[in-house]
Amino acid sequence: MADIQNLMRRYETLLKQKPSTFDESIELERHWIDLHQTIAQTMKTLSQRNRKLLNPFVKKSLEECKANSYNLFQKVLRKSASTLNSLMKQHKSVYIESGVKGLINIHLKQEKSLKTFDDYAEDIRKKEHLQVITEEDILREIDALLNGAYSTLDEARLLEQRVIYVYAWWKQHKEHVKKTKRELYLMKQFGHYHQQLSEYILKELRYEIELKDVLSSDYYVRKMQQIGIEELLLTLHRKKRQMDSVMQSLTKSVTILHPRDEFVHVRKKKRHFKLRLGETNSGKTGGALDALKAALSGLYAGPLRDLASEVYGKVTRAGIPCELITDETTIYEKGAQHRATVVEMCSLHNTYEVAVIDEIQYLADKVQGSTWLRLLYGLQANTIYLCGALHILPLLKRIIEECGDTYEVELFDRKTPLLFEDKPYLFPCSIEAGDALIVFSREYAMKLAEQIKDKGMTASVVYENLPYHARKAQLQDFSRGITEVLIATNTIGIGVNLPIRRVVFMETQIKEQAGYRPLTIQEVKQISGRAGRYGRFEKGLVNTIDSPDEIKNKLTIKEKPIEKSFISPSHELASNQTGTLRQRLMAWKEMPYEDTVAEKENIDEKLTLLRQVEKWEPQLGGYNLYRTLHVVFDSSMREVVQLWKDYVRQLAENKKQLTRPTLSLVNPHQYEVYFAQLMLYISFSKKFKIAYDKAWVIQEKQKTANAIHRGLKEKRYQYVASF
């Protein structure tokens, strides 16, 4: 009886323990495993009556074991509970002996990872240590480093370790926070100091290499901030040795394929281009659409599904059969000779009398530019209208002349003047009906909506991840006057005609992977241009809550001409048998390339995704694995990336159908995640011709979009999915 009471006391004691560090969590897991094993062993020696007393604690202690182990598993690998349960069943003795640490090491070996549990644990300990360091401590350290001196290699190395520590703290505490101008200036100075320090280390080590050659991209700059210049050079040296043999083979068998070489047959067809360029709200697209509707066959291609859907509506309302092809919606009509689509889904096999490519300045987009360039070289149409911003003109001329085609240029001026207000904008006092408040995050948009509601006004909210039907409903409310104010991200900058009287920049910096950056001249003009719709207002107004001189200046100065577009790795490269797909892509990245109209696109994000699924290359082959990287999905959402990885695995395993997405929680973020997962489910299935339940997808998309719209309208979420 004493043994039973002792075990119960141990159980109660462990329940009260709340670990505050990673090491304490590991220790607590060990105690729970030991207690569970002891209880299980003691049960064998007890009488039937005493076994009944202790029996509930067998199950309870096991549940606590699993709960603690899962928390550790999540902290280290961020994997699902099903993965851990599977490992526990297969390796029970390892779990009893080593806890979750042993299971994680087994899983990492199965995944062919070079890292171990101890590597992850060390990273977590560092983060915990950084968590307790205050901002005042870091600012003092930065100040000390900027004023620090060094005269030997050892002193410089010690200083660089302190620099790396500061960068680690900054990344953990400031990466996802909007920086003040002082912080941006301080880190710029700190970056210069680190580069000077690194140059000194290179000089002392007698490396015959310039630092600017080492830091050839933002990726290597960030890498140097994480591991230091010497470790970076060692990493690059190892990569170079691996790549040399691959490069030698590839240079013999593969060239960097340009669209001009891919579409030689189109050069035989003489095309005529009509360039309609100018500012927003100038009517440059309207005449092109009239020609499209008058043609026997026609294609409209733009950057957004909203634009394609709008054109589809205009063409069908004119009594002309038309198809709509976007990543979200597909509408086929028998006998239709007209099609409205997004650029990335354009088929280059068909021939048209007239084609309209809208917002042609996307030719210079770092992400989508290569797709637009292929379209420009490969589109088969007698007459092609190119509508967009004026600063793309020099590049368009070079491409068209190179193709041997003819062109004419028509320039358009804005129909209503666009003026920057001299008076300051004070939120929320200055809000008026017809205002469009520009922000760059969903969280800030929702915060403003609540503040506007408190003022007794109503607002529509649109942002990047908003489903098309919810977005359309929100914009319709604003257009019809049901809501007085529009809160929007830079997504309204492209092709949307709305009754906006005044555009107000509530933020002037956009967050990207590398941090915050100021708005470009083109972004300021494009977004501001939505104000003062012709026929509704005599003028458009622009204001800002911050940096008025900067916004006013960007509104008036001319943009620099766009010099080049981009090319991407070809499918020929993906199909090559030399090395692995990642090695081939890295070799392509390093290959020297000079061209008059294009440069190589940045493929770092593709390489990052590829690292997570390259183990399936033997089953899929390089070509199909490369195609998975071109499935359209939102890679900014962790849950969506995880589902994409699952779909790559299911494709490798020859599954007949992909797993349906599920809605795990009913909240605003999860609705958006769920919708993005539904879109991935459709895109992946279509890409690889896998059967999927279209009726179910349409129903779930509509339900989710309605729930999001209702939530934005009522500021609460009431929808429960039917699964």
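What is the sum of charges, Lys and Arg at +1 and Asp and Glu at -1, for the other residues whose Cβ falls under 15 Å from the Cβ of ALA336?
Counting the neighbours of ALA336, the net charge comes to +2.
Among 303-315, 658-670, how do they line up by average Cβ neighbours within 10 Å per residue, starting with the highest?
Averaged packing, sorted descending, gives the order 303-315, 658-670.
Just from the alpha-carbon atoms, what are the Rg and Dmax of region 149-253 in angstroms?
16.2, 52
Report, in debye and to the nearest 20, how large the dipole of the chain comes out about its Cα centre when Lys and Arg carry +1 and Asp and Glu carry -1 on their Cβ.
The calculated dipole for the chain is roughly 2340 debye.
Testing the spin-label approximation: label points 7 Å from Cα along Cα→Cβ at GLN161 and ARG517. State their distance in nm.
Placing both labels 7 Å along Cα→Cβ, they lie 3.6 nm apart.
Can you compute the modelled spin-label distance between LYS687 and LEU62, with each label point 7 Å from Cα toward Cβ, in nm?
4.2
Once the piece of chain linking GLU432 and ASP23 is laid out straight, how much longer is it, given 0.36 nm per residue of separation minus the C-alpha distance between them?
So the chain would gain 141.7 nm between GLU432 and ASP23.
What full-extension length gain, to one decimal in nm, is calculated for SER151 and LYS75 as 0.36 nm per residue of separation minus the Cα-Cα distance?
23.2 nm
Work out the length of the dipole vector of region 1-87 about its Cα centre, built from +1 on the beta-carbon of each Lys and Arg and -1 on the beta-carbon of each Asp and Glu, and round it to the nearest 20 debye.
Roughly 360 debye for region 1-87.
Residues with amide H under 5 Å of TYR425's amide H, sequence separation 5 or more or different chain, H placed in the peptide plane at 1.01 Å from N; which?
Sorted by chain and number, the residues that satisfy this are THR544.
Along the Cα-to-C-beta direction of ASP546, a point sits 7 Å from the Cα; which residues of region 458-476 have their amide N less than 20 Å from that point?
From region 458-476, the list is 462-464.
Compute the FRET efficiency between TYR623 and SER93 as 1/(1 + (r/R0)^6), taking r as their Cβ-Cβ distance and R0 = 60 Å, and round to the nearest 0.05.
Taking R0 as 60 Å, the efficiency between TYR623 and SER93 is 0.90.
Report, in cubic angstrom per residue, the convex hull volume of the C-alpha atoms of region 631-714.
85
Between THR406 and ARG182, what is the label-to-label distance in nm when each label sits 7 Å out along the Cα-to-Cβ direction?
Label-label distance for THR406 and ARG182, simple model: 6.5 nm.
Please say if region 268-369 is rounded, prolate or oblate, where rounded means a/c under 1.5 for a ≥ b ≥ c the square roots of the C-alpha gyration tensor eigenvalues, and otherwise the choice is prolate for a/b larger than b/c and oblate otherwise?
rounded
Taking square-rooted eigenvalues a ≥ b ≥ c of the alpha carbon gyration tensor, is region 418-556 rounded, prolate or oblate, where a/c under 1.5 means rounded and, failing that, a/b exceeding b/c means prolate?
rounded
Farthest toward the dipole's positive end in the chain, which of ALA308, ILE124, LEU541, given Cβ charges of +1 (Lys, Arg) and -1 (Asp, Glu) about the Cα centre?
Positive-most Cα among the choices belongs to ALA308.
Within the set of other residues whose C-beta is less than 11 Å from the C-beta of GLY99, count the net charge using Lys and Arg as +1 and Asp and Glu as -1.
So the environment of GLY99 carries a net charge of -2.
Could the peptides 368-376, 134-142 be put in order, highest first, of the mean number of other beta-carbon atoms found within 10 Å of their residues?
The packing order, highest mean first, is 368-376, 134-142.
Suppose a student asked you for the relative contact order of region 631-714, using Cα pairs under 8 Å spaced at least 6 residues apart; what percent would you report?
34
What are the equivalent ellipsoid semi-axes of the chain, built from the alpha-carbon gyration tensor (square roots of five times its eigenvalues), in whole angstrom, biggest first?
In descending order the semi-axes read 49, 33, 31 Å.
Run the numbers for LYS558 and ASN350: contour at 0.36 nm per residue of separation, minus the present Cα-Cα distance, in nm.
In short, 71.1 nm is gained.
Can you work out the PRE-style zone for GLU230? Point 7 Å along Cα to Cβ, and I want the residues of region 125-160 with backbone N under 12 Å.
Residues passing the 12 Å test: 153-160.
Take every Cα pair under 8 Å in region 2-126 that's 6+ residues apart, average their separations, divide by the length, and report that relative contact order as a whole percent.
23
Provide the FRET efficiency to the nearest 0.05 for the LYS694-SER245 pair, computing r from the beta carbons and using R0 = 51 Å.
It comes out at approximately 0.60.
Going 7 Å from the Cα of PHE420 along its beta-carbon direction, which residues of region 524-560 have the amide nitrogen within less than 13 Å of the resulting point?
The answer is 524-525, 528, 542-558.
How many angstrom separate the Cα center of region 20-52 from the Cα center of region 382-412?
Centre-to-centre distance over Cα atoms comes out at 76 Å.
Take the Cβ-Cβ distance between GLN41 and LYS615 as r, set R0 to 35 Å, and report the resulting FRET efficiency rounded to the nearest 0.05.
Computed FRET efficiency for GLN41 and LYS615: 0.30.
Once you keep just the Cα pairs under 8 angstrom separated by 6 or more residues, what percentage relative contact order results for region 352-452?
Reported as a whole number, the value is 24 percent.
Please compare each pair in LYS16/LYS66; LYS511/LYS589; LYS66/LYS126; LYS79/LYS656 to a cut-off of 20 Å on the Cα-Cα distance and tell me which ones are over it.
Pairs exceeding 20 Å: LYS511/LYS589; LYS66/LYS126; LYS79/LYS656.
Classify region 70-136 as rounded, prolate or oblate from the Cα gyration tensor: take a ≥ b ≥ c as the square roots of its eigenvalues, call it rounded if a/c is under 1.5, otherwise prolate when a/b beats b/c and oblate if not.
Prolate, because a/c is 1.5 or more and a/b exceeds b/c.
Residues with beta-carbon under 10 Å from that of PRO19, excluding PRO19: net charge, scoring Lys, Arg +1 and Asp, Glu -1?
Counting the neighbours of PRO19, the net charge comes to -3.
Find which of ILE682, GLN670, LEU712 sits farthest along the positive direction of the dipole of region 631-714, computed with +1 on the beta-carbon of Lys and Arg, -1 on that of Asp and Glu, about the Cα centre.
ILE682
All of the numbers you see were taken from the coordinates with simple rules; none came from a lab. What you see is a predicted model; the values in this text were computed from it and never measured. Quick reminder, even Gly has a Cβ in these numbers, built from the backbone with ideal geometry, and neighbours come from all protein chains shown.
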